[in-house]
Amino acid sequence: MKPELSLLWKHSRKRLPFALLASSLAVGCGQPAPETSEPPAPSAPQVEAALGTALQALEGDAARPVVESLFAIPQGAVSRSTATVFQLKLDPKREENEAFRGGTLTMTEGTQQLTFRDNGQNGDAVAGDLLFTASGSFDFVALQAQQQRIAQAQSQSPTQLTTAVFENRQLVRTVPVTALSTQFPVGQPVPIQPIGLASLVDPARSLIIRAPAVVNDVTRTYDPCTGAGNPNGKWTFNYLMTEMANQPFTGVAPSTFVREWLRQWEQPRTINGFVNPPRTSIAANLIGPWPKLASGELNLARSPFKLIAIVNRLDLAGSNPAYGSGSAGEGRFIFAATTGAGSSCYTVPFLVILEYGVDKNGCTDIKAYAQQWQALSGMALGSATYNAALEALTEQFAKRDLSPRKPNRSSINQVRTNDEWLASPWELREFRLWNSTINPNSFSTTPPPVPSMLNSHTVAQTPDRTRQTTLFPAYVNATAPAIVAGTYSVPLLTSGTFRAGRAVVTNPTAIPPFWSQPASIIPNRQARHVFSLNTCDGCHGDELGTNFTHVSWTGALSPFLSGALTVPDRADGTPVRTFNEVLARQTFLDQMANQSCLTSAFVTAAPSVH
């Protein structure tokens with residue numbers, strides 16, 4: 001019997017944990033799946049055996065369908081709810097689509113649920129031809145408005161409009177965009193296509209916001225170097241950590257919450273069997289100079305962290321909203337530590353990134369959220385109106401009690417640090433909240449995780465570097481199809497401990513990159529590249545030639561976030577790949593904000609999310 005995709009996406013087939021399913025759909029160093037649904041287990045070996053089995057099931061069974069085309073055939077006059085026959089074609093050349101041949105696929109459009117059939121029943125003409133048929137209603141009036149929007153944009157553009165297509169973050173082609181006729185005759189197929197007009201999204205206003213008038217807003221931020229601003233503002237380190245600690249719910253004072261987090265650099269931490277060594281200079285560099293209250297506690301109102309950027313990661317929307325699930329990705333704050341005083345105070349290479357999940361479920365809510373971000377592109381950057389609108393967006397993920405099912409009732413997914421200030425080499429660490437409902441085995445085990453606190457956690461999609469010549473090539477070879485398809489999740493164990501407790505970058509320009517072996521050892525070179533790109537140290541280092549940060553402690557962007565980046569394969573010299581990360585995010589935001597929810601069926605989750 002062929003699987004029903006609707007069951008896979010709704011997490012009912014095999015009753016796999018939601019956390020594991022989510023991680024298979026939106027994987028990468030930036031977006032580990034929430035683990036709140038994983039029950040604790042009696043021992044690490046038993047847990048990891050279960051996790052490994054579930055992950056293998058996901059890799060084998062939960063491949064995402066690759067859509068070739070989608071048509072809506074009106075059965076009556078154009079209206080906001082026209083009776084419609086839908087035909088969806090899966091690409092027959094893609095191996096992962098074989099899992100869906102002859103099955104059913106459930107999608108959402110507005111408030112209705114559409115069941116697409118390839119089983120020769122209820123309107124489907126031929127079973128098993130990968131042409132799925134569904135009946136329902138469709139808003140052709142909205143489609144007319146979308147075409148008018150495209151036509152207007154074309155009239156204002158001196159060049160042909162295009163939309164970009166990406167696979168594994170690589171720009172593979174641009175497609176000319178022409179508005180359809182707004183006349184939709186009965187019985188004539190109308191293409192429903194994914195179109196994102198990147199030119200209508202200003203990345204400086206809607207995606208990666210670094211403008212001085214925003215990050216130095218005296219109402220919402222605090223500058224520890226000058227003392228200017230509001231120490232309790234909605235974009236301050238003080239406010240955000242206070243909301244994350246959520247003392248009314250947890251009983252944990254915010255100053256204690258932050259101090260215990262900092263303690264994790266003072267002592268070694270064993271995570272998945274690997275030891276994160278201490279970086280003891282944190283005491284002299286950061287903790288000692290931190291202004292204190294009369295009680296000796298950290299004065300969070302004078303936190304030595306300066307806001308560098310606010311980042312919209314709607315593109316990390318996770319499982320596909322066309323299938324009735326998903327999220328609105330992440331919202332992020334990037335802070336840099338400061339040192340010195342007065343005119344000698346400056347930011348240093350110790351970055352703290354607060355990465356929040358945005359709990360919007362279903363395409364309608366995600367679309368409304370996307371529209372709010374895109375609306376920022378039409379406002380004066382840093383104006384009172386703009387900053388108020390941006391605060392209204394950040395409060396949808398930053399304030400307390402927004403995610404009752406997560407630890408501390410906070411929407412935070414993880415806190416990450418990028419550091420070369422405390423010691424060399426460059427090092428990335430990850431911290432997550434824990435409570436007793438969460439499997440502890442991906443957290444520090446020596447000492448064990450503490451409830452309601454930020455605890456050391458494995459870094460997603462990244463093996464420990466001691467596994468470079470052994471478990472790394474074996475894993476890539478065994479998992480190559482899932483890696484290329486973007487449906488894999490690096491497990492804690494694979495014939496031994498595997499996923500790392502930290503990621504380090506010793507040489508960001510190394511050729512070949514660290515995560516490489518010759519073709520005689522890893523024959524699938526695309527799988528090698530994708531795996532390396534998705535690791536923390538590969539994406540922040542030698543797979544792209546990036547000098548560790550994509551947004552630096554001064555706010556500078558890496559070449560990866562600055563436009564088109566053409567990179568010969570770092571291991572083999574060929575092929576030459578073109579990346580344009582900002583274009584990808586612009587395209588996705590415009591598509592999600594302005595098109596039918598059904599167009600997101602064409603979207604595959606990015607396998608890496610830096």
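The values are calculated or read from the model by the stated rules, or taken from the named source; none is laboratory data. Not measured: the values here are computed from a predicted model. Don't worry about glycine lacking a Cβ; one is built from the backbone with ideal geometry, like all the others, and counts go over all protein chains shown. The accessibility values were calculated without ligands, DNA or RNA, using every heavy atom of the protein model including side chains. Shrake-Rupley method; radii C 1.70, N 1.55, O 1.52, S 1.80 Å.
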Exercise for the section: Return the residue satisfying two criteria in turn: it lies in the range 104-129 and is within 17 Å of residue 192 (Cβ to Cβ) and of a type in the set (A, V, I, L, M, F, W, C), and of such residues it is surrounded by the most Cβ atoms within 10 Å (Cβ to Cβ). Expected result: 107
Fill in the blank from the handout: For the range 565-590, the count of residues that are assigned to a strand (DSSP E or B), touching a Leu at 6+ places or on another chain (Cβ under 9 Å) and open to solvent by 10 Å² or more (accessible area, probe 1.4 Å) equals 3
Handout entry: Residues satisfying the stated conditions in the range 114-141, i.e. under 18 Å from residue 65 (Cα atoms) and part of a strand (DSSP E or B)
Key = 114, 115, 116, 117, 131, 132, 133, 134
Exercise for the section: Tell me, please, whether a residue that is at pLDDT 95 or above, out of contact with any Gly (no Cβ under 9 Å at 6 or more places or on another chain), over 15 Å from residue 459 (Cα atoms) and small (Gly, Ala, Ser) can be found in the range 501-517. Expected result: yes
Exercise for the section: State the number of residues belonging to the range 163-185 that are touching a strand residue (DSSP E or B) at 6+ places or on another chain (Cβ under 8 Å), in contact (Cβ under 8 Å) with a residue 12 or more places away in the chain and over 27 Å from residue 74 (Cα atoms). Expected result: 6
Practice task
Please find, within the range 475-497, the residue that is modelled with the highest pLDDT out of those that are under 13 Å from residue 525 (Cα atoms) and open to solvent by 30 Å² or more (accessible area, probe 1.4 Å).
Solution key: 477
Practice task
May I ask you to verify whether residue 383 is of a type in the set (S, T, N, Q) and closer than 23 Å to residue 442 by Cα?
Solution key: no
Practice task
Could you check, for the range 331-350, whether at least one of its residues is open to solvent by 20 Å² or more (accessible area, probe 1.4 Å), farther than 27 Å from residue 139 by Cα, modelled with pLDDT of 95 or more and among the aromatic types (Phe, Trp, Tyr)?
Solution key: yes
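Being open to solvent by 20 Å² or more (accessible area, probe 1.4 Å), over 15 Å from residue 602 (Cα atoms) and in contact with a strand residue (DSSP E or B) (Cβ under 8 Å, 6 or more places away or on another chain) is the filter here; which residues of the range 77-87 pass it?
Listed by number, the residues that qualify are 81, 83, 85.
Which of the residues belonging to the range 511-523 are among the small types (Gly, Ala, Ser) and either open to solvent by less than 20 Å² (accessible area, probe 1.4 Å) or touching a His at 6+ places or on another chain (Cβ under 8 Å) (or both)?
Residue satisfying the conditions is 516 alone.
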Fill in the blank from the handout: Counting only residues in the range 88-103 that are outside any strand (DSSP E or B) and hydrophobic (A, V, I, L, M, F, W, C), the one surrounded by the fewest Cβ atoms within 10 Å (Cβ to Cβ) is identified as 99
Handout entry: Index of the failed condition, residue 414 passing every other in (1) at pLDDT below 95; (2) in contact with a strand residue (DSSP E or B) (Cβ under 9 Å, 6 or more places away or on another chain)
Key = (1)
Exercise for the section: Return the total of residues in the range 399-411 being of a type outside the set (Asp, Glu), assigned to a loop (DSSP other than H, G, I, E, B) and open to solvent by 50 Å² or more (accessible area, probe 1.4 Å). Expected result: 5
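Residue-wise test of (1) in a helix (DSSP H, G or I); (2) among the hydroxyl-bearing types (Ser, Thr, Tyr); (3) buried (at least 20 other Cβ atoms within 10 Å of the Cβ).
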| residue | (1), (2), (3) |
| --- | --- |
| 365 | yes, no, no |
| 368 | yes, no, no |
| 371 | yes, no, no |
| 376 | yes, no, yes |
| 381 | no, no, no |
| 392 | yes, no, no |
| 397 | yes, no, yes |
| 413 | no, no, yes |
| 432 | no, no, yes |
Practice task
Looking at (1) under 30 Å from residue 366 (Cα atoms); (2) open to solvent by less than 40 Å² (accessible area, probe 1.4 Å), find the lone condition where residue 562 falls short.
Solution key: (2)
Fill in the blank from the handout: When every residue in the range 143-170 that is crowded, with 16+ Cβ neighbours inside 10 Å and in a loop (DSSP other than H, G, I, E, B) is compared, the one modelled with the lowest pLDDT is 168
